[in-house]
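Remarks on the structure that follows.
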Amino acid sequence: MTGYQAFYQQSIDDPDTFWTREAERIHWHKPFDKVLEYDKPPFREWFAGGLTNLCYNAVDRHLEERGDQAALVYVSTETDSEISYTYRQLHEEVSRFAAIMQAQGVGKGDRVLIYMPMIAEAVFAMLATVRLGAIHSVVFGGFASASLATRIEDAAPKLLITADGGLRGGKVIAYKPLVDEALSLAGAAAPKKVILVNRGVAEAPMMKPGRDLDYGALREQHLNDRADVEWVESGHPSYILYTSGTTGKPKGVQRDTGGYAVALASSMEYIYGGRPGETFFSTSDIGWVVGHSYIVYAPLLCGMSTLVYEGLPVRPDPGIWWQLVEKHRVTVMFSAPTAIRVLKKQDPSWLHKYDLSSLRALFLAGEPLDEPTASWIGGELNVPVLDNYWQTETGWPMLTLCNGVGPQTVKIGSPGLPVYGFNVKLLNESTGEEVPAGEKGVIAVIPPLPPGCMSTVWGQDERFVNTYFSLLPDRLVYSSFDWGVRDENGYFTILGRTDDVINVAGHRLGTREIEEAVSGHSAIAEVAVVGVNDTLKGQVPQAFAVLKDPSVLQDPERRAALEKEVIAKVASQLGAIANPARVYFVNQLPKTRSGKVLRRSIQALAEGRDPGDLTTLDDPTGLEQVRDAVLQK
Ligand code: AMP
């Protein structure tokens, strides 16, 4: 065995040697006693006994060598601003913000909820939280009040940090009214303090005396205050990030500290090829896992500059990203296939207006990367385009090509091979046997999960085991809930989810959550939401709803109005990203004799496919109604 194969095999066969070496990439205040504590499978602790701190490793550690180097470059095409922070300035902002939080009583283990647009203060807040050994939970700024409230209820934060508003395509989204509503919905779990960064984009926010504090005023008040680093155990939670699943309640993916730092630092060399002093540009949002790992932590852990961008890829013009690449000499870029498909619709000359010679590679993740998109952008940029397959749960890629270990051959349409540390298998879901090349199976990981992956579901250890490790009755294996297939060279292709989770423009949405929001409309008796193929976004949600008053079905005007109302309801509860592309009204849904909605058949009809196995169907009327509804409109 040579090259990547040998490297990979060592990570599986001799994880102690492998990860001891990788752990040298970060600073340990106290060295670990044991590389892996695995006495209660599937729970594990990497680098047990070690003390470290994520913020120290991302910021303080670089002060001596790169104090004057840009650490964070903030660019907003929404407010037309650009601010660069050196490592020294970042250190000041972060340790001051941590002091502000400390003054509000935040300490080790407390949760801090961050509901922010893409501004530098959001990154300061994340780093300040982990500096204190507190635990952040960033909620994507596009989520509406009900989604925010669910997360507040579960995490019970001591403090919430927000801003007056965000902007998207020039449109202001005021955050404070959403926060106020979420806080009242969350009841007893609501934090006692809210810090608001007033950037002056939304109408003057209403501040509740005694609860709401203005960040600008606090910053003045604490101008010379700095909080020290709190050294925490390697397994200490650094953050909770909620992700959708098959139930209406999102799961709080809990991440550790030491394992995460080591995994990210190693990935920068072996997967991304980013080097200290260079600029990394991830176009994601801090509300998603890619934002956590590859806007904030990984680039900073490695002494790079990270570009934090607020804005659209096509505004002020479709050349904006490439202009940024030229200006900041970006070497590694990370985005999502949907964004590239958006750019592909624009005039390609935008890609050739700028000097992109600094760029070495483009990584795309979050959803399937189709061949036309990959070939087009690879050809235009003339750099390798690499597909990364991973999940919120894994924290970093699980399947890709590790060109930093040795050059690998790209196979378009495939993210590639298992990443070191991940003992990936393709299993038959009934027998648990490994499937041969060319046969479909569930993508599974034989535990222990490597460093960087989730430790548990926040506050629900049982749910962690029951959700992720129940694929087989007699053996603990982690299920990714994705189907895959492998070729004879071991290259994987992803075939879609095994559950009711859908992927819209790279964002994971649970159909159950959308169904609950739709059912919240007083006219709706019952609803099924399915993901339907979409050329731009990969998938979009479509809702099939049964009305309480069936006579509405005969009234096209009322139907059209209701469709709008239902979509508005989803937007106000969950946020516009969850909006159904269509709401079809029917008298009945297709169900099995035991009353289970046949979502797969509805999805097939909505995509113009055969509805599949109907042996369990109770009454064909529901299916015919779905078919007619789709065909009519
Ligand atoms: P999230 O946790 O939101 O990042 O969503 C993870 C899910 O997105 C995975 O379980 C897959 O279904 C899908 N996914 C992520 N990356 C890829 C990829 N490169 N190719 C295909 N599907 C992907």
Query raised in the report: Can you list the residues of segment 569-611 with backbone N under 13 Å from a point 7 Å past the Cα of Ala525, pointing along Cα to Cβ?
Result: 586-590
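Loop only by DSSP, 12 or fewer other Cβ within 10 Å of the Cβ. Give me the GluC sites (Glu not before Pro) in segment 449-520 that pass, ordered by residue number.
Values: sites: Glu462, Glu488, Glu513, Glu515, Glu516; in loops: Glu488.
When the GluC sites (Glu not before Pro) of segment 449-520 are filtered for loop state and at most 12 Cβ neighbours within 10 Å, Glu488 remain.
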Report task. Determine Rg/Rh for segment 425-497; Rg is computed over alpha-carbon atoms and Rh is the Kirkwood hydrodynamic estimate from the same atoms. Result -> 1.00
Query - 3J(HN,Hα) from dihedral phi, segment 491-500, Karplus parametrisation 6.51/-1.76/1.60, rounded to Hz, x for glycine, proline - result: 6, 8, 10, 8, 10, x, 6, 8, 10, 8
Query raised in the report: So how exposed is Phe32, as accessible area in Å² (1.4 Å probe, rounded to 10)?
Result: 50
Query raised in the report: Residue-wise, which Karplus ³J(HN,Hα) couplings in Hz belong to segment 262-279, taking 6.51 cos²θ - 1.76 cosθ + 1.60, θ = phi - 60°, and x for glycine or proline?
Result: 5, 4, 5, 4, 5, 5, 5, 7, 7, 9, 8, x, x, 10, x, x, 8, 10
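Taking the DSSP beta bridges in the chain as the whole, what percent of them are antiparallel, to the nearest 5?
Details: 59 of 101 bridges.
Taking every DSSP beta bridge within the chain, about 60 percent pair in antiparallel fashion.
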**Report entry** Signed unit charges on C-beta, dipole axis of the chain, positive-most listed residue Thr616, Val597, Gln554
**Finding:** Gln554
**Report entry** Of all DSSP beta bridges in segment 216-339, antiparallel share, percent nearest 5
**Finding:** 40
Report task. Once you have the Cα-Cα distance between Val172 and Asn587, take 0.36 nm times their residue separation minus that, and quote the gain in nm to one decimal. Result -> 145.5 nm
Report task. Please name whichever of Gln408, Gln346, Phe363 sits farthest to the positive end of the charge dipole of segment 336-454, dipole taken about the Cα centre and charges placed at Cβ: Lys and Arg +1, Asp and Glu -1. Result -> Gln346
Report summary line: quick shape note, the chain: Cα extents on principal axes in Å, largest first -> 72, 65, 55
Query raised in the report: Gain in length, Asp549 to Asp355, computed as 0.36 nm per residue apart minus the alpha-carbon separation, to one decimal in nm?
Result: 63.7 nm
Report summary line: Filtering GluC sites (Glu not before Pro) in segment 167-234 by DSSP loop and by at most 15 other Cβ atoms within 10 Å leaves Glu203
Report summary line: Total charge of the residues flanking Gly413 in space, meaning their Cβ is under 14 Å from its Cβ, with Lys and Arg +1 and Asp and Glu -1, is -3
Query raised in the report: When the Cα centres of segment 198-228 and segment 563-625 are compared, how far apart do they sit, in Å?
Result: 46
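What accessible area per residue, rounded to a whole number of Å², is obtained for segment 425-497 using a probe radius of 1.4 Å? All intermediate terms of the calculation are to be shown ahead of the outcome.
Details: 3140 Å² over 73 residues.
Averaged over the residues of segment 425-497, the accessible area is 43 Å².
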Report task. Quick one: which residues, 5 or more positions from Lys34 or on another chain, have an amide H under 5 Å from its amide H? H modelled 1.01 Å from N in the peptide plane, none for Pro or chain starts. Result -> Ala48, Gly50
Report summary line: Expressed per residue, the solvent accessible area of segment 499-570 in Å² (1.4 Å probe) is about 41
Report summary line: Residues meeting the amide H criterion for Lys425 (H placed from the backbone, H to H distance under 5 Å, 5 or more places apart or on another chain) are Ala444, Val445, Ile446
Requested in this report: Collect residues whose amide H, placed 1.01 Å from N in the peptide plane, falls under 5 Å from the amide H of Leu471; neighbours closer than 5 in sequence don't count.
Outcome: Val477, Ser479
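Where the accessible area of the chain is counted over protein heavy atoms with a 1.4 Å probe, how much of it, in %, is carbon and sulfur?
Values: 11760 of 23850 Å².
Ligands and nucleic acids excluded, carbon and sulfur reach 49 percent.
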Query - Accessible area (Å², 1.4 Å probe, nearest 10) - Cys55 - result: 0
Query raised in the report: On full extension of the chain, what length is gained from Leu495 through Glu65, given 0.36 nm per residue of separation minus the C-alpha to C-alpha distance?
Result: 150.2 nm
Report summary line: Counting only DSSP beta bridges fully inside segment 501-631, the antiparallel percentage to nearest 5 is 75
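Keeping all protein chains in place, calculate the accessible area per residue for segment 87-230 (probe 1.4 angstrom), answer in Å². The partial results should precede the final answer.
On the way: 5110 Å² over 144 residues.
About 36 Å² of surface per residue is accessible.
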Query raised in the report: How big is the gap, in Å, between the Cα center of segment 126-159 and the Cα center of segment 436-469?
Result: 24
Report summary line: In segment 1-108, the trypsin sites (Lys or Arg not before Pro) that sit in a DSSP loop and have at most 13 other Cβ atoms within 10 Å of their own Cβ are Lys108
Report task. Report Arg609's accessible area, 1.4 Å probe, all protein chains in place, as a number in Å² to the nearest 10. Result -> 110
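Can you give the charge dipole size of the chain about its Cα centre, rounded to the nearest 20 debye, using +1 on the beta carbon of Lys and Arg and -1 on the beta carbon of Asp and Glu? Display every interim value, and only then the final one.
Working: 61 positive and 77 negative charges, 156 e Å.
With Lys and Arg at +1 and Asp and Glu at -1, about 740 debye.
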Query raised in the report: For segment 425-497, with the dipole built from +1 on Lys and Arg beta-carbon atoms and -1 on Asp and Glu ones, taken about the Cα centre, which of Phe469, Ala437, Tyr491 lies farthest toward the positive end?
Result: Phe469
Query raised in the report: For segment 479-524 and segment 257-315, what is the separation of their Cα centres, given in Å?
Result: 25
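The values are calculated or read from the model by the stated rules, or taken from the named source; none is laboratory data. Just so it is clear, the model here is predicted, and its values are computed rather than measured. All Cβ positions, glycine included, derive from the backbone under ideal geometry; neighbour counts span all protein chains shown. Just so you know, the surface numbers come from the protein's heavy atoms only, side chains and all, with ligands and any DNA or RNA stripped out. Shrake-Rupley method; radii C 1.70, N 1.55, O 1.52, S 1.80 Å.
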